[in-house]
Amino acid sequence: MSTARTNAAGWSLTAPATLYFGLLLAVPLVLTFVLSLHGFDANLGGILDSRSVRNYTAVLSDPYYYTIFLRTFALSLLVTVLCVLIGVPEAYFLFRMRDPWRSLCLVMVLGPLLISVVVRTLGWSILLGREGLINTLLLKLGIVDHPLQMIFTFGAVTIAMVHVLVPLMVLSVWTSLTRLDPAVSQAARSLGAGRFKVMWRVVLPQITPGILSGSLIVFALTASAFATPALIGGRRLKVVATTAYDEFLGTLNWPLGAAIAMVLLLINVVIIVGYNRAVERRFTRRLG
Amino acid sequence: MKNNDRNGAAALFFHLLFMGFILAPLVVVCLVAFTPNDFLSIPTRHFSLRWFVSLWGDDDFTTAFKTSLLLGVCSATLSSALALPAAMGLARYRFPGRDTINAFLLSPLMIPPVVLGIAFLRLFTLINMGGSFASLVACHALLIFPYALRLIMAAFAGQADEAERAARSLGAGRWTTFRRITLPMIVPGLVGGWVLAFINSFDELTATIFVAAPATITLPVRIYMSMAETVDPMVAAVSTAIIALTLVAMLVLDRIYGLNKVLVGNH
Amino acid sequence: MTYLRLENLCKRFGESTAVDSIDLSIAQGEFVSLLGPSGCGKTTTLQMIAGFVEPSYGRILLEGRDLTPIPPEKRGLGIVFQSYALFPHMTVTQNIAFGLDMRRVDSGERERRVREALELVHLGPHAKRYPRELSGGQRQRVALARALVIAPPLLLLDEPLSNLDAKLREEMQDELRAIQRKVGTTTLMVTHDQAEALAISDRVVLLNRGGIVRIDTPHAVYEDPQQAFAAHFIGQTNLVTGQVELRAEGPVLSANGTCFALPAAMATAGAAIFSLRPERIRLTAAGAGHVCGRVGQRTFHGDHWVLHVDTGLGPLRVLLANDGRNAVAEGEAVGLDWADDALRPVREDA
């Protein structure tokens, strides 16, 4: 097929989807950006006509927002580290399992990804609430006198986020593991390396790209998480996404909410693009 | 020799703890749903269906459920219809801009749902369609598109290429080839993509919170609103129903396409 | 009139030339192999004949008719793809019938022809099976039947046996040839396996780097390679390089200080390369023969021995048929002799 016809085929087949995305993705994002430049005054009836970057300077300099960004960053970091610590060994364990257990466990670990995050978070609500199951159990057993404050704490949000996102870490590492050549590990064993050494010095270096890509996904998703921090963190533990919600649908300060959303988008894009460039290039060079 | 390759006892213990961690919240939800009491508790002696009965009678939840179902069907269909030609174009042809378009069409995965929700709300308010069912379909179709696209593209990457050439060499024109050879070969990917897209639409929460109006509340949003007030066994019952439905959907996916392939991808 | 003619066929991909001016004439009923290493342009040539790749230049004429502007679905050629490309959602019968479907053949005749095709490839009992239920060899036969049932003027085979294991490949080679003889369809086969090309074809077209090196019958190509590349690629050979000197007693090849007599016919002086096939070298007593040497490594291959003999001309590879006795031991001194026509002059590679 000639180049001209190949190009025409490619463009015309992708045109419907591209147009749809242009209208429903590119346009709204641009509109939101424009919105974020407007001013707002509740007393004067809402969105003003002025254009400025005042919202952005407010967001980036106000200590109130600083705490929120910091908290979100700390949360993302902690959740990512925990996911790596428990997700990587689990993926390795699963990988060395035999069928039928292997497929079954894989489905049980990855299946929850198909269940709405609300349902998964509900479980933690039930477990960690003041009148929740863990407290009820502890009170009944007499271990404590009054219920512990578990929900609406930073720790609770961390645990719930780890629960929601660790399957993605397992998935990423699993993918890396399936690309390994088993003969490499066997060669190491034949040269005298024990099981632990093999994992530490032969397998781990090879699956590092998978670990890093999983970390990226977990970090980015935690940074932009809404439902879990809202339900488990409560009104006082704000993260970036819930703050955007507050401004937009709470205070109705749409321009400010839009500005926060744009900042969140920028952070996400920078993380993903910058990461891809820096790390993957380093690893494809080494591992080929 | 066999034992050397399998996992040790400590590792097994860790694995069981991990599985417990993953499953505990879900199991707890299902158990609480069957409690005979008025408050959150695990049923020990009696299992009751009272909460499921009240769920059945609760208009708010049943309407939300129907909305979610219809929304899922409409948006999955729209998504798949757009994804089919796009997948074919991207998988088959090398043309300038291919990589950019590919990234563009997969971008909803990378954009925070909060941002998308706000962006959609802004757009629909401006064109006076805020809160309508059509606007929900439009934005869900966009959000779930990457899932449909991925699976359908994987289907095209199979051996459909050479089989098509064989068909053409035997005298089949372009349309006949597509209808009798290509389409049947990609049907598992097509249907699998549809089901996966449906599941993701049904589960969608964050962006929907911004776009939905009181008349078009979906089930996850309803649950969210209910949880924000108080957590009672009714919410657990609804969630249990969702878990059950998801299990059914997973069985269906496994039949058509292979659940492992959907979750993990083709390797 | 030539049945199939490739006229000055060229294909360029950007800067690189995949096929460089191929000129080929094939008679009706011939079985011709396109043979060469990977990247030599044989598959591209086949794809141009099939119509899936547009030539940059040149024409393809079938019975005088120019195929070049005609799209693949109108050319009516029978093609067997390397991966067989069977339709996985159709049974064996439906696969074979597909081409007849496209030609609107009525159901009675269609059934008859499909049955005949199944008989031809010995797959009668598997008519209702699906491709995934068949072995590799069986799938290959379905692909063949599917291509032949439409009674095409030309059959194109793209490395049809490369996916089969060694034993099966040998069986299928014989079967393929038998079927082709029976049906009489002009056939063009692409392969990188020189033994296969020699075994099946009426003529071999040897390609290298986009161009034709040699066209001839298998025996002629083997015995008289004419080019160093051909001598190496087809079978095994010893390439002896040296200077031809015209002496009083006759022409002599001088190399590495050793020299041996050449047949009188080779009277041109100067640098020369000769091809000497291992099976044409005979062992004689040390001191007799054309050159002398010492046996280095020897390996046993069942029906023959391979000896590496160190001589003044360099290491020579010698193939001895197994006559039941143990071959000469390693380290022994021997003389090497050969008939006059065993030594073939070859040109340097371009």
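Coordinate-derived values only; no laboratory data. Computed from a predicted structure; not experimentally measured. Backbone-built Cβ (ideal geometry, glycine too); neighbour counts: all protein chains shown.
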Whole-Å semi-axes of the stretch B:58-264's equivalent ellipsoid, largest first, each the root of 5 times a Cα gyration tensor eigenvalue? 36, 20, 14
What's the center-to-center distance, using Cα atoms, between the stretch A:174-192 and the stretch C:251-293 in Å? 53
Using Cα atoms only, what is the angle between the long axis of helix C:166-183 and the major principal axis of chain C, expressed in degrees (0 to 90) to the nearest 10? 60
Roughly how crowded by other chains is peptide A:153-163, in terms of the mean Cβ count from those chains within 10 Å of each of its Cβ atoms? 1
Taking A:Phe196, B:Phe34 and counting other C-beta atoms within 10 Å, the order from fewest to most: A:Phe196, B:Phe34
Where N is the number of residues in the stretch A:1-114, Cα Rg divided by 2.2 N^0.38 Å: 1.86
Packing-based ranking, highest mean first, of C:273-281, B:128-136 given that Cβ atoms within 10 Å are counted: C:273-281, B:128-136
Using alpha carbons only, how many angstrom separate the centre of the stretch A:80-104 from the centre of the stretch C:308-339? 61
Reach of C:Lys74 by Cα under 27 Å, taken over lysines that are not fewer than 8 positions away in the same chain: C:Lys11, C:Lys42, C:Lys182
5 Å is the cut-off here: which amide hydrogens, built 1.01 Å from N in the peptide plane, fall below it relative to C:Ile281, excluding neighbours closer than 5 in sequence? C:Leu319
Under 5 Å from the placed amide H of C:Leu154, counting only residues 5+ away or on other chains, we find C:Gly78
What ³J(HN,Hα) values, in whole Hz, does the Karplus curve 6.51 cos²θ - 1.76 cosθ + 1.60 give for the stretch B:185-194 when θ = phi - 60°, with x put for Gly and Pro? 6, 9, 3, x, x, 5, 5, x, x, 4
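Got a sec? How would A:Lys238, C:Lys42, B:Lys261 order by Cβ neighbour count within 10 Å, fewest to most?
The fewest-first ordering by Cβ neighbours comes to B:Lys261, A:Lys238, C:Lys42.
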Aspartates and glutamates with Cα under 16 Å of B:Lys261, excluding same-chain neighbours fewer than 8 positions away: A:Asp99
Which of the listed residues, B:Gln159, B:Ser79, B:Phe198, is farthest toward the dipole's positive end in the stretch B:58-264, when Lys, Arg count +1 and Asp, Glu count -1 at the beta-carbon? B:Gln159
Over the C-alpha atoms of the stretch A:63-287, what are the Rg and the largest Cα-to-Cα span, Dmax, in Å? 20.6, 67
Here the stretch B:212-227 yields Karplus 3J(HN,Hα) values (6.51, -1.76, 1.60; θ = phi - 60°; whole Hz; Gly and Pro given as x) of 6, 9, x, 6, 10, 6, 8, 5, x, 5, 4, 4, 4, 4, 5, 5
Tell me what chain A gives for mean residue ellipticity at 222 nm when only DSSP H runs of n ≥ 4 count, each as -39,500 (n - 2.57), the sum divided by the residue total, rounded to 500 deg cm²/dmol. -21500 deg cm²/dmol
Work out Dmax and Rg for the protein assembly as shown from the C-alpha atoms and quote the Rg first, both in angstrom. 36.6, 122
I'd like to compare B:143-150, A:80-87: which one has the highest average count of other Cβ atoms within 10 Å, and what's the full order after that? B:143-150, A:80-87
Degrees separating the helix B:113-126 axis from the principal Cα axis of chain B, which is the longest one: 80
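For chain C, what does -39500 (n - 2.57) per DSSP helix run (n ≥ 4), summed and divided by total residues, give at 222 nm, in deg cm²/dmol to the nearest 500?
Mean residue ellipticity at 222 nm (helix-derived): -7500 deg cm²/dmol.
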Arrange the following residues from fewest to most other Cβ atoms within 10 Å of their Cβ: A:Ile143, C:Ile96. A:Ile143, C:Ile96
Dividing the alpha-carbon radius of gyration of the stretch C:4-225 by 2.2 N^0.38 Å, where N counts its residues, gives 1.01
What is the ratio of the Cα radius of gyration of the stretch B:42-131 to 2.2 N^0.38 Å, with N the residue count, to two decimals? 1.72
Roughly how crowded by other chains is peptide B:84-91, in terms of the mean Cβ count from those chains within 10 Å of each of its Cβ atoms? 5
Helix-only [θ]222 nm of chain B, DSSP H runs n ≥ 4, -39500 (n - 2.57) each, per residue, nearest 500: -24500 deg cm²/dmol
Tilt, helix C:92-102 to longest principal axis of chain C (alpha-carbon atoms), in degrees rounded to tens, equals 70
Counting only residues 5 or more apart in sequence or on a different chain, those whose built amide H sits under 5 Å from that of C:Gln28 are C:Tyr3
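If you add up the charges near C:Ala147, with Lys and Arg at +1 and Asp and Glu at -1, over every other residue whose beta carbon is less than 15 angstrom from its beta carbon, what do you get?
+2
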Antiparallel %, DSSP beta bridges [both residues in chain C], to 5: 75
Return the sequence-ordered ³J(HN,Hα) values of the stretch A:12-19 in whole Hz as given by the Karplus equation 6.51 cos²θ - 1.76 cosθ + 1.60 applied to θ = phi - 60°, using x for Gly and Pro. 5, 6, 8, 4, x, 5, 5, 4
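How many percent of Cα pairs in the stretch C:243-314 exceed 16 Å?
Tail of P(r) above 16 Å: 57 percent of Cα pairs.
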